[in-house]
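Read through the structure below, which is laid out as structure tokens, and then see the notes.
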Amino acid sequence: MNTKPLSAVSIEGIMAHLDAFQAIANANGGNRAAQNPGYNASVDYVVSVLEAKTNYTVTVQPFNFEITEENATPKFSQISPSPVDYARYLEFNTLSYTGSGDFQASATDGGDGCSASSFVGFPSGNIAIVARGDCDFSTKTDNAVAAGAMGVLIYNYEGQGAFSGTLGSTKSVPVFGISYDLGRSFIDTTETPVLSMFCDMSVVTVYTSNVIADTTIGNDGSVIVVGSHLDSVPEGPGINDNGSGSATNLELATELYRNNATVLNKVRFAWWGAEELGLLGSSYYVAQAIESGEINNIAMNLNFDMLASPNYFRGVYDGEGAAAGIRTGCVNIENLLTTFFDFDNKPWNLTEFTGRSDYGPFIENNIPAGGLFTGAEVIKPDNFRADYGGMANTAFDPCYHAHCDDIYNIDQEVLISNAKAAYYAVTTTSATPLLDRWLTTAQQSPKDRVRAPHHALPTSNVFTKQ
Ligand SMILES: [Zn+2]
């Protein structure tokens, strides 16, 4: 193996970018969310580094989206039989894109809410109570509204509390996520409860952008898109999610140029906006590429989202999980990354490849992809502690989507090994002649692919629609 990738990227280079993202969050209300000024400052920072350190063609690609904002604090109470005011976050939460409303009504069981038949006999004007699961929140809400529901309560899986998630687009009625116990208590009672829901929302258009940087050399009919989302959630500075991927991507971009790496295929570095609101930036990019025909020039996508979780595992997207048409390419990309980790004597595991980060719009359009992930809110299983150490009964990232996802929430050891693997994947594919053929031809025999045992792992709810 060419060991140059071991030295080209440095932890100091990546940490300098993470320090900059932390400073941006500190100066902008503690976050870098797409709808807030910290995001635009992050865009400016990435552009300024690219312009200072590379000769790439840098483009800021604008797009916009709608969000709903609260005009007042939402409220949820039981009027009868027993008057109770429920606590926000603890006992109920709003779903993103909830509608407005202010009313009292009886609550009626709507089953799972996934089809019109769930609402046969539903009294129009009531509040629908539906179970989480089987279909997305939006479908449940639309079916309930079609049956005349004034509001929708979605209760969580058994044993789980109040929750949020996204409805994807603005709804006409209030939609709250409540605990399993509360939801069942409304249904498993002889006396129909009368509940009160209050939600006052405005729809706001947000103007934001992606950053795109193209190498000036390389075949522009065979483009490698190397992406990472640049936005955080509003709850915190987003230094692991996804400062870690964004900073690594910036280091890859500047080092590829500084080291004068072989670029036979054009490399397009991308920093996506509004991932946390539903993969909006990458979806917009892919939709535009389809419209312009540029999609036909895109050979593959690499995605780097959460590369430095403090209680990490070393996850590589499971290419076998891809659709048949692109599986060979996805497996080849996976093998590049794992080959590097094997060479570097680092343990790794395959991880879910179902479209929950910005590679989603690419694989949906038959572009092979791969990437890295070090874990989010899922509790680290025992058998992972044997390989990676870390803390028992603790999430891979205990600060996932929280205020404490700051500069101290970074494991530098896993971050640099991931950055080196990423650089190895970028420099190998950018230097591969006939990349399309490489992507459609198995690069290792099934025998070569007998790997260290790995464990299936439920991974991130980066974006909860169900
Ligand atoms: Zn993320």
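In the stretch 393-414, is there at least one residue being of a type in the set (Ser, Thr, Tyr), buried (at least 21 other Cβ atoms within 10 Å of the Cβ) and out of contact with any strand residue (DSSP E or B) (no Cβ under 7 Å at 6 or more places or on another chain)? So far as the stretch 393-414 goes, yes, one or more of its residues are of a type in the set (Ser, Thr, Tyr), buried (at least 21 other Cβ atoms within 10 Å of the Cβ) and out of contact with any strand residue (DSSP E or B) (no Cβ under 7 Å at 6 or more places or on another chain).
Within the stretch 313-320, identify whether any single residue is among the hydroxyl-bearing types (Ser, Thr, Tyr), within 16 Å of the ligand (Cβ to nearest atom), farther than 21 Å from LEU439 by Cα and surrounded by 24 or more Cβ atoms within 10 Å (Cβ to Cβ), and answer yes or no. Within the stretch 313-320 (the criterion being among the hydroxyl-bearing types (Ser, Thr, Tyr), within 16 Å of the ligand (Cβ to nearest atom), farther than 21 Å from LEU439 by Cα and surrounded by 24 or more Cβ atoms within 10 Å (Cβ to Cβ)), the answer is no, since none of the residues qualifies. Here PHE163 meets the list (1) more than 30 Å from ASN296 (Cα to Cα); (2) without any contact (Cβ under 8 Å) to a residue 60 or more places away in the chain almost entirely, failing just condition (2). Restricting attention to the stretch 95-127, the residues that are in a strand (DSSP E or B) and crowded, with 23+ Cβ neighbours inside 10 Å add up to 1. If I filter the stretch 286-302 for residues that are within 16 Å of the ligand (Cβ to nearest atom), in the same structural domain as PRO398 (by TED's automatic domain parsing), over 20 Å from ALA25 (Cβ atoms) and surrounded by fewer than 24 Cβ atoms within 10 Å (Cβ to Cβ), do I get at least one hit? No: zero hits. When restricted to residues that are within 16 Å of the ligand (Cβ to nearest atom) and not hydrophobic (A, V, I, L, M, F, W, C), the stretch 259-279 contains 4. With respect to the conditions (1) more than 16 Å from the ligand (Cβ to nearest atom); (2) of a type in the set (D, E, K, R); (3) touching a residue at least 60 places away in the same chain (Cβ under 8 Å), GLU352 lacks only one, and its number is (1).
Summed over the stretch 30-54, the residues that are out of contact with any helix residue (DSSP H, G or I) (no Cβ under 7 Å at 6 or more places or on another chain) and either more than 25 Å from ARG258 (Cβ to Cβ) or outside any helix (DSSP H, G or I) (or both) give a count of 6. Per the conditions (1) among the hydroxyl-bearing types (Ser, Thr, Tyr); (2) over 28 Å from the mean Cα position of the chain (by Cα); (3) part of a loop (DSSP other than H, G, I, E, B), the sole criterion not satisfied by THR73 is (2). Residues of the stretch 279-299 that are touching a residue at least 40 places away in the same chain (Cβ under 8 Å) and touching a helix residue (DSSP H, G or I) at 6+ places or on another chain (Cβ under 6 Å): LEU279, SER282, SER283, VAL286, ILE295, ALA299. Taking the stretch 356-391 as the search range and keeping residues that are at pLDDT 95 or above and of a type in the set (Asp, Glu), which one is surrounded by the most Cβ atoms within 10 Å (Cβ to Cβ)? Per the criteria, the residue is ASP358.
Considering PRO83, PRO123, PRO74, the condition of being touching a Pro at 6+ places or on another chain (Cβ under 9 Å) and either modelled with pLDDT of 95 or more or of a type outside the set (A, V, I, L, M, F, W, C) (or both) is satisfied by PRO74 alone. Look at the stretch 8-28: where a residue is touching a residue at least 12 places away in the same chain (Cβ under 8 Å) and a partner is acidic (Asp, Glu) and outside any helix (DSSP H, G or I), sitting 6+ places away or on another chain with Cβ atoms under 8 Å, you get GLN22/ASP406; ALA25/ASP406.
So, ASP85, is that one exposed (fewer than 14 other Cβ atoms within 10 Å of the Cβ) and not β-branched (Val, Ile, Thr) or not? For ASP85, the condition - exposed (fewer than 14 other Cβ atoms within 10 Å of the Cβ) and not β-branched (Val, Ile, Thr) - is met.
Per the listing VAL211, VAL130, VAL152, VAL206, the residue uniquely surrounded by 22 or more Cβ atoms within 10 Å (Cβ to Cβ), touching a helix residue (DSSP H, G or I) at 6+ places or on another chain (Cβ under 9 Å), closer than 30 Å to ILE363 by Cβ and hydrophobic (A, V, I, L, M, F, W, C) is VAL211. Screening ASP358, ASP305, ASP344 for residues that are more than 16 Å from the ligand (Cβ to nearest atom) and acidic (Asp, Glu) leaves exactly one candidate, ASP344. On the stretch given as the stretch 231-247, residues that are at pLDDT 95 or above, more than 9 Å from the ligand (Cβ to nearest atom) and either β-branched (Val, Ile, Thr) or closer than 10 Å to ARG32 by Cα (or both) total 4. Residue count for the stretch 361-379, restricted to those that are in a loop (DSSP other than H, G, I, E, B) and more than 13 Å from the ligand (Cβ to nearest atom): 5.
The values are calculated or read from the model by the stated rules, or taken from the named source; none is laboratory data. Fair warning: this is a prediction, and the values are worked out from it, not measured in the lab. Positions of Cβ are generated from backbone atoms using ideal geometry, with glycine treated the same way; all protein chains shown enter the neighbour counts.
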